[in-house]
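First the structure, in the form of C-alpha cells, and then the observations on it.
The values are calculated or read from the model by the stated rules, or taken from the named source; none is laboratory data. This structure is a prediction, so every number in the text was calculated from the model and none was measured. Using ideal geometry, Cβ is built from the backbone for each residue, glycine included, and neighbour counts are taken over all protein chains shown.
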Amino acid sequence: MKPNIGISENHLKNIVDLLTKSLADEVTLYTKIRKFHWNVAGESFMELHKLFQAQYTELEETIDEIAERINKLGGKTIVTMQEFLEITSIKETPSTYPNQKEMMKELLADHETIIKELRKNINESTDNKDAGTADFFTGLIQQHETMAWILRRYLS
C-alpha cells in the first residue's frame, strides 16, 4: 500500500532515490571504517581501534534508520554491495592498508564528502515537499560533523 502523506508519488520517488544514495554512502563508509578497525597498527593502536569501533557502531544505527525511512516512504531498500558501490560517493581502496594518519585523513575526507552530499539532499528534500526527510538529513549532517571533527583533532 502506498503512503498517503501529502507528498506526490513522483516526489516520494525522488526522496527515496536520495535516501538510497545516502544509504550507499553510509554502508560504504561503514565497511571502510571496519577495514581500518581490523587493520590499524602502531603506537596508538588501541585508541584508534576503539575510535573506529565507536564510529562504525554509530553508523550501524544510521544505516538501519535510513533503510527504515526508505520503507516508510514506500520504497524498497537495496541490500547488496554491488548496488551500493554503483551509486556511492565514497571511494573504496581495495588491497591498500594505509598507516594510521592516512586512515584518519581518508575517513575525514569521506565524512566531509557525505556532509556535502547531505547538504544537497536537504535542499532537494525541501524541493520535493518533504520537510521530514530534510530534518532527517540535518541530523545525519550533525552526526558526520562530529565524527569529522574528532578525526580532524587527531590530525591537528
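Cβ separations smaller than 7 Å between residues 6+ apart or across chains give the following pairs from the stretch 103-114 residues that are charged (D, E, K, R) and surrounded by fewer than 19 Cβ atoms within 10 Å (Cβ to Cβ) to residues that are part of a helix (DSSP H, G or I) and at pLDDT 95 or above: Lys105/Leu155; Glu112/Ala148.
For the criterion of being without any contact (Cβ under 8 Å) to a residue 60 or more places away in the chain and over 30 Å from Ile5 (Cβ atoms), Arg153 passes.
No other residue among Thr57, Thr96, Thr138 is of a type in the set (Ser, Thr, Tyr) and in a loop (DSSP other than H, G, I, E, B) apart from Thr96.
Filter the stretch 125-156 down to residues that are among the small types (Gly, Ala, Ser) and surrounded by 18 or more Cβ atoms within 10 Å (Cβ to Cβ) and give me whichever is farthest from the chain's Cα centre (by Cα). Among them, the one singled out is Ser125. For Gly132, the requirement of being in a loop (DSSP other than H, G, I, E, B) and modelled with pLDDT of 95 or more is not met. Taking every residue in the stretch 36-49 that is surrounded by fewer than 16 Cβ atoms within 10 Å (Cβ to Cβ) and pairing it with any residue that is among the hydroxyl-bearing types (Ser, Thr, Tyr) and part of a loop (DSSP other than H, G, I, E, B), at least 6 positions away or on another chain, the pairs with Cβ-Cβ distances below 8 Å are Asn39/Tyr97.
Restricting the stretch 69-102 to residues that are closer than 24 Å to Lys13 by Cα and of a type in the set (Ser, Thr, Tyr), the residue that is surrounded by the fewest Cβ atoms within 10 Å (Cβ to Cβ) is Thr80.
Determine if the stretch 21-32 includes at least one residue that is under 20 Å from the mean Cα position of the chain (by Cα), surrounded by fewer than 19 Cβ atoms within 10 Å (Cβ to Cβ) and more than 21 Å from Asp64 (Cβ to Cβ). Looking through the stretch 21-32, none of the residues is under 20 Å from the mean Cα position of the chain (by Cα), surrounded by fewer than 19 Cβ atoms within 10 Å (Cβ to Cβ) and more than 21 Å from Asp64 (Cβ to Cβ).
For Thr146, are the conditions met, namely being in a helix (DSSP H, G or I) and more than 24 Å from Ala54 (Cα to Cα)? The answer is no for Thr146. Between Ile122, Ile66, the distinction of being under 30 Å from Lys13 (Cα atoms), surrounded by 17 or more Cβ atoms within 10 Å (Cβ to Cβ) and either hydroxyl-bearing (Ser, Thr, Tyr) or in contact (Cβ under 8 Å) with a residue 40 or more places away in the chain (or both) belongs to Ile66 only.
Here Arg69 passes the criteria (1) under 16 Å from the mean Cα position of the chain (by Cα); (2) under 18 Å from Met147 (Cβ atoms); (3) not β-branched (Val, Ile, Thr) except the one numbered (2). Inspect all residues belonging to the stretch 37-52 and state whether any of them is at pLDDT 95 or above and under 27 Å from Ala134 (Cβ atoms). No, the stretch 37-52 contains no residue that is at pLDDT 95 or above and under 27 Å from Ala134 (Cβ atoms).
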